[in-house]
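**Q** My structure is below; once you've seen it, I'll send some questions.
Bear in mind that the values in this text are calculations on the coordinates, not laboratory data. Since the structure is predicted, the reported quantities are computational estimates derived from the model, not experimental observations. Cβ atoms come from the backbone with ideal geometry, glycine included; neighbour counts cover every protein chain shown.
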Amino acid sequence: MSIIKSLVNPQSESFIVNRDFYLDRITDLRERRQRAHLGGPEKARKRHTEHREQILPRDRIRLLVDPGSPFFELGELAGDKLPEGTAAGASIITGVGLVNDRQCMIIVNDATVKGGTYYPMTCKKHVRAQMFAIQHRLPCITMVQSGGAFLPEQEGIFPAEGMFGSIFVNQIEMSAAGIPQIALVMGSSTAGGAYIPALCDEVVIVRGKGFMYLGGPQLVEAATGEQVGHEELGGAEMHCSVSGVTDYIAEDDAHGLSLVRDIVSNLGNLPKQRWDVAKSVAPLYPIDEIYGIINKDTKIPTSNRDILARLVDGSNFDEFKAKYGSTLMCGFAKIHGFEIGILANDGVLFSEAAKKGAHFINLCCERDIPLLFMADVPGFMVGEEAERGGIAKDGAKFITAMCSAKVPKYTLITGGSYGAGYLAMCGRPFKPTAMLAWPSGRSGIMGPEQVANTLATVREDILKREGKSWTEEEREEFKAPHRKRFEDSEQAYNFASKLWYDAVIDPSETREVLALLLDVAGRSPKIETKFGVFRQ
Ligand code: COA
């Protein structure tokens, strides 16, 4: 047992200033979530509830999951403020919820946003949810009410891998892998919206509301001259009694949701947890003190040790090689009773830190212990001494170990995470099981000031070559837009809107979110790790 002693003084002036600043960030996060949760415009929501007498997407989820159980949303803020005008949430809700005690991936079209059609980001979000389901062997429940492709954006939806067609590919792969898929057709489901349920194992359709067809009545008339109504073309009665495309008729939304719960109860044995889970113990320090520990001035580094003291059970962190490579803290801890191997930055990554990280990842893979990368890192050390010491080969060892590790890997961006440091701390390209960020998280190739300086230096060299020069004011004028662009780009919300992060979370939610993710991961089979060559 090694209990972390944290000497932070919550009464100090700087703590209070930082905490208030962070609380504003939390308010901002809540407002962004509220906006995303709203769905489409009021007119569309009213039409949905009053005119069609349907239940709104988030209420459908609430009725489906076990009462009081949590729902962890993937891509909650995806699409927010994207140039193509995608609504926050990208007209689809995806997340993990408990249905009859079984964790399921729940995917719900939001018909109040452009008829539930698929923007490019909607496709990406649906595909990401499926990948998470495949990785964890989670049954998929899809509530379908979609006009198919959002036609003006067809180039981002139709032609390539990762777009709409990949949803079908994943469905077929899931089916072959024995992962159950259930669809509930709740509204008009056209074209791609009809193929999704058609590729599921069991399909429920709501009478008088759910319709499934490859082309709706208007398209059929235009194409063939045939005049046919919605019910005859793709209604519940026809599909359940004539075509056999759907299997169960629901009388309304609520009935449909209860039929889906029944189907889930017939999926066989519940997957067992493969890890021993200890009794959860609260950290010795209040978790919301993290708000006051992260300095509002991004140039002032945060002590990850003080953060860990507020995150892990009993503030107990059994540190590995504490005196070696100290800019990367590695150690074993528990979160709500789940054992986890933590790698947390404490400065620039030197050779020793990289070698220690590789060693620690190796240990965790041998013991089937999941990994948490807490990223707040300016990058790897540069300079003659570092190069002569072989930083390139040691960094490569770390990256090889991190990339090869097949234990569940979670990334939490807590502060500024830049360059190869962002990548090495299990950045998005290295396929973390889930990628999370706090509102203070920032990522980029370099910090905004460094980018502006680098580009100004390049320009200055060109000017010199041409026998010209510039004034200090001209230099600053050149730098300002670059700095601003990178300041905007590095924000957690930009990364979340593009789905490079799965979620932006409040630091005080971190323990619950990680425990849920670990519980899901522990119910899927262990995958053996095979490491590649470690250059010595
Ligand atoms: N592409 C782009 N926009 C679409 C769309 C599509 N496929 N389908 C609907 N929309 C837009 C509408 O233009 C409208 O936009 P607005 O809010 O800016 O006015 C919004 O979505 C809602 O459409 P509306 O028809 O008013 O809603 P609804 O709930 O009555 O009907 C649908 C929804 C999806 C059933 C209906 O719009 C429809 O049949 N769309 C065409 C479906 C289709 O043929 N898809 C083939 C794609 S491969």
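**Q** For a Förster distance of 30 Å, can you work out the FRET efficiency between the beta-carbons of Ile527 and Lys484, rounded to the nearest 0.05?
**A** Calculated value: 0.10.
**Q** Whose amide H sits under 5 Å from the amide H of Ile413, counting only residues 5 or more places off or on another chain, with H placed in the peptide plane?
**A** The list, which skips near neighbours in sequence, is Ala375, Leu436, Ala437, Trp438.
**Q** Sticking to Cα atoms, compute the Rg of the stretch 213-309 to one decimal and its Dmax as the biggest Cα-Cα distance, whole number, in Å.
**A** 28.0, 73
**Q** What are the extents of the Cα atoms of the stretch 10-139 along their three principal axes, in Å, largest first?
**A** Principal-axis extents of the stretch 10-139 (Cα, largest first): 54, 36, 28 Å.
**Q** Another one. Which of the helices in the chain meet the span-like rule: DSSP H, Cα axial reach of 24 Å or more, Kyte-Doolittle mean at least 1.6?
**A** For the chain, where a helix must reach 24 Å along its axis and average at least 1.6, there are no hits.
**Q** Please list 341-351, 272-282 highest first by mean number of surrounding beta-carbon atoms within 10 Å per residue.
**A** Per-residue Cβ counts within 10 Å, averaged per peptide and sorted highest first, yield 341-351, 272-282.
**Q** Related question: From the P(r) of the stretch 454-497, could you give the percentage of C-alpha pairs in the tail past 17 Å?
**A** Every Cα pair in the stretch 454-497 considered, those over 17 Å come to 44 percent.
**Q** Can you give me the orientation-averaged projected area of the convex hull built on the Cα atoms of the chain, in nm²?
**A** Result: 29.9 nm².
**Q** Further question on the same structure: Which semi-axis lengths, in whole Å and largest first, follow from the square roots of five times the eigenvalues of the Cα gyration tensor of the stretch 354-502?
**A** Three semi-axes, in Å: 35, 20, 9.
**Q** Turning to a different aspect of this structure: Given only helices, namely DSSP H runs of n ≥ 4 each adding -39500 (n - 2.57), what is the per-residue ellipticity at 222 nm of the chain, to the nearest 500 deg cm²/dmol?
**A** -11500 deg cm²/dmol
**Q** Can you figure out the FRET efficiency of Lys81 with Lys46, using R₀ = 35 Å and their beta-carbon distance, to the nearest 0.05?
**A** After rounding, the FRET efficiency stands at 0.90.
**Q** Next question, about the same structure. Once you place label points 7 Å from the Cα toward the Cβ at Asn266 and Ala392, how far apart are they in nm?
**A** 6.2
**Q** Cα centroids of the stretch 380-455 and the stretch 276-323: how far apart, whole angstrom?
**A** 21
**Q** Okay, moving on. At a 10 angstrom cut-off on C-beta neighbours, averaged per residue, how do the peptides 14-20, 443-449 rank from highest to lowest?
**A** 443-449, 14-20
**Q** By how many nm would the segment from Lys299 to Ala222 grow when fully extended, if each residue of separation counts as 0.36 nm and the alpha-carbon distance is taken off?
**A** Fully extending the segment from Lys299 to Ala222 adds 21.5 nm.
**Q** How far apart, in nanometres, would the label points at Glu237 and Gln154 be if each is projected 7 angstrom from Cα along the Cα-to-Cβ direction?
**A** 3.6
**Q** Using a Förster distance of 41 angstrom, determine the FRET efficiency expected from the C-beta separation of Ala420 and Ala282, and round it to 0.05.
**A** Here the calculated transfer efficiency is 0.70.
**Q** Run the reach check for Lys479 against aspartates and glutamates, Cα to Cα strictly under 18 Å, same-chain hits fewer than 8 apart removed. What comes back?
**A** Lys479 reaches Glu449, Glu460, Asp461, Glu487, Asp488, Glu490.
**Q** I'd like to compare 377-383, 43-49, 129-135: which one has the highest average count of other Cβ atoms within 10 Å, and what's the full order after that?
**A** Per-residue Cβ counts within 10 Å, averaged per peptide and sorted highest first, yield 129-135, 377-383, 43-49.
**Q** Just the number: Rg to Rh for the stretch 480-536, Cα atoms, Kirkwood Rh, two decimals.
**A** A ratio of 1.19.
**Q** Using only alpha carbon positions, build the gyration tensor of the stretch 290-442, then give the equivalent ellipsoid semi-axes as the square roots of 5 times its eigenvalues, largest first, whole angstrom.
**A** Largest first, the stretch 290-442 gives 21, 19, 15 Å.
**Q** Using the Kirkwood radius over Cα pairs, work out the Stokes-Einstein diffusion coefficient for the stretch 424-520 at 20 °C and 1.002 mPa s, in µm²/s as a whole number.
**A** Reported coefficient: 135 µm²/s.
**Q** Compute the separation of the alpha-carbon centres of the stretch 154-168 and the stretch 1-79 and state it in Å as a whole number.
**A** Comparing the Cα centres of the stretch 154-168 and the stretch 1-79, I get a distance of 29 Å.
**Q** Which order do Tyr418, Tyr248 fall in if you start with the one that has the fewest other Cβ atoms within 10 Å?
**A** Taking fewest neighbouring Cβ atoms as first place, the list is Tyr248, Tyr418.
**Q** Based only on other Cβ atoms within 10 Å, what is the fewest-to-most ordering of Thr510, Thr142?
**A** Thr510, Thr142
**Q** The stretch 408-473: percent of C-alpha pairs farther apart than 18 Å?
**A** Above the 18 Å cut-off, the stretch 408-473 has 52 percent of its Cα pairs.
**Q** Okay, moving on. Could you give the nm distance between label points at Glu476 and Gln11, where each point is 7 Å from its Cα heading toward the beta carbon?
**A** Going by the 7 Å Cα→Cβ label model, 4.2 nm.
**Q** In Å, what Kirkwood hydrodynamic radius results for the stretch 150-301 from the alpha-carbon pair distances?
**A** 19.4
**Q** Debye calculation, C-alpha points only, no solvent: report log10 I(q)/I(0) for the stretch 350-429 at q = 0.19 Å⁻¹, in the same order as the q values.
**A** Once normalised to I(0) and log-transformed, intensities are -0.78.
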